[in-house]
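Worksheet for the structure shown next.
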Amino acid sequence: MTPLTQILIAQITEAGPMTLAEYMAHCLMHPQHGYYATRDPLGAAGDFTTAPEISQMFGELLGLSLAQAWLDQGAPSPFALAELGPGRGTLMADILRATHAVHGFHAAAQVHLVETSPTLRAAQARSLAGAGPVWHDAVQTLPDLPLFLVANEFFDALPIRQAQRDGAQWRERMVGRDGDRLIPGLSAPSTLPPLAHRLEDTQNGDIVEFSPAATHIAAHIGAQIAQHGGAALIVDYGDWRALGDTFQALRAHAAADPYAAPGTADLTAHVDFEALALAAAPARHSRLTTQGVFLERLGITQRAQKLAGALSGAAREAHVAAHRRLTHPAEMGTLFKVMGLYPEGAAPPPGLPE
Ligand code: SAH
């Protein structure tokens, strides 16, 4: 039994089964045994790889989209240049490099990072040493400034609740115990107010997921953008009004049992962008756009050709493969989506239609 299994079994014995959200929060963020608290999960040696780790082009293009949104809103100064869940700091480093030539952008920007993992904060401090970032445990302490924000593969890491429809009610996914094993189960049926609107589009037996943590964060960001100006680029796998069981564990780039060895695998779920958009009102939201289309609109092919000119051999092949991986429908191009948030009266960030 892993130490975290022991802790969770003791808690279940005492207080009964826990929601999937509680279970995920322990597995990901437990201060001693949580997945993010204890390791750097990114890259070939880790459990998964993300777009900024695949190619510098991803951060460059997101940075230029954000900088153009800043110019379109009159280049407010000062403003918060913020990232949620910055991983190794690669995306923010690429954003800063690409926006160097945007007149006034760096002088006006204060870099703010929302990150709970001490291990990844240390990595971010190394990659962003020159930028003087300020770290936050949560979005609530971001400054009251125009907010220009990116979040890549952040929302998928937030705890979700999951329920299966039973008539006009729902049975919630709970984590219980069988001897010294953790096992998933379903609660007795009850009404779940956050899922009231899902009675319209679901049938008996359908599974739906919702993330109170995600809607809470989206509400805060949306309110700040509506009040002070700014824009957010939210990139993740998921869809509009997600349906079905998307809860999964990933270890060493392969699917794993999410209930065995808690704290040692990444746990994620697809993001329901509709829930984020609704929570972010009164900020406006762009149309949900696939990552491939978004990056193509911003000129990734031209940028890729320019970079390829300076490369040869294996480096050039890797670069071509990275371009394909970010944009091709069979790779990340279609599964990953981008949604922009922006204030009433402003244009959406470039690459995203209203
Ligand atoms: N954006 C990075 C890393 C994605 S991994 C990239 O694209 O490479 C998810 C990131 O979110 C990690 O940095 C993780 O530590 C952070 N994270 C997860 N849950 C969080 C939470 N509740 N609050 C703040 N950061 C969190």
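Scoring Val293 on the criteria (1) in contact with a helix residue (DSSP H, G or I) (Cβ under 8 Å, 6 or more places away or on another chain); (2) aliphatic (A, V, I, L, M); (3) in a helix (DSSP H, G or I) leaves a single failure, condition (1). Selection over region 215-232 of residues that are closer than 23 Å to Gln291 by Cβ and either in a strand (DSSP E or B) or open to solvent by 40 Å² or more (accessible area, probe 1.4 Å) (or both) gives a count of 4.
Yes/no per residue for (1) touching a Ser or Thr at 6+ places or on another chain (Cβ under 6 Å); (2) part of a helix (DSSP H, G or I):
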position	(1), (2)
Glu22	no, yes
Leu28	no, yes
Pro31	no, no
Ala37	yes, yes
Asp40	yes, no
Phe58	no, yes
Leu61	no, yes
Ser65	no, yes
Trp70	no, yes
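When each of Arg198, Arg177, Arg165 is tested for being open to solvent by 50 Å² or more (accessible area, probe 1.4 Å), touching a strand residue (DSSP E or B) at 6+ places or on another chain (Cβ under 8 Å) and not acidic (Asp, Glu), the lone residue that passes is Arg177. Ser77 meets all of the listed conditions (1) open to solvent by less than 40 Å² (accessible area, probe 1.4 Å); (2) modelled with pLDDT of 95 or more but one, namely (1). If only residues of region 85-140 that are under 20 Å from the mean Cα position of the chain (by Cα), β-branched (Val, Ile, Thr) and modelled with pLDDT of 95 or more are counted, the one that is farthest from Asn152 (Cα to Cα) is Val134.
Residue check: is Leu61 within 16 Å of the ligand (Cβ to nearest atom) and closer than 24 Å to Ser211 by Cβ? Considered against the rule, which asks whether it is within 16 Å of the ligand (Cβ to nearest atom) and closer than 24 Å to Ser211 by Cβ, Leu61 comes out as no. For region 116-129, filtered to residues that are touching a helix residue (DSSP H, G or I) at 6+ places or on another chain (Cβ under 8 Å) and more than 9 Å from the ligand (Cβ to nearest atom), the residue that is most open to solvent (accessible area, probe 1.4 Å) is Pro118.
The number of residues in region 233-264 that are under 15 Å from Met24 (Cβ atoms) and either open to solvent by less than 20 Å² (accessible area, probe 1.4 Å) or part of a loop (DSSP other than H, G, I, E, B) (or both) comes to 12. Considering only region 2-58, state which residues are more than 18 Å from Gly263 (Cβ to Cβ), among the polar types (S, T, N, Q) and either within 16 Å of the ligand (Cβ to nearest atom) or without any contact (Cβ under 8 Å) to a residue 12 or more places away in the chain (or both). Correct list: Thr49, Thr50, Ser55, Gln56.
Scanning region 134-177 for residues that are more than 13 Å from the ligand (Cβ to nearest atom) and either assigned to a loop (DSSP other than H, G, I, E, B) or among the aromatic types (Phe, Trp, Tyr) (or both) yields Pro143, Asp144, Leu145, Pro146, Phe148, Gly167, Ala168, Trp170.
Here Pro212 fulfils each of the conditions (1) under 15 Å from Ala157 (Cβ atoms); (2) open to solvent by less than 30 Å² (accessible area, probe 1.4 Å) apart from (2).
The values are calculated or read from the model by the stated rules, or taken from the named source; none is laboratory data. Treat the numbers as computed from the prediction; the structure is a model and nothing was measured. Using ideal geometry, Cβ is built from the backbone for each residue, glycine included, and neighbour counts are taken over all protein chains shown. Surface areas here come from the heavy atoms of the whole protein model, side chains and all, with no ligands, DNA or RNA. Shrake-Rupley method; radii C 1.70, N 1.55, O 1.52, S 1.80 Å.
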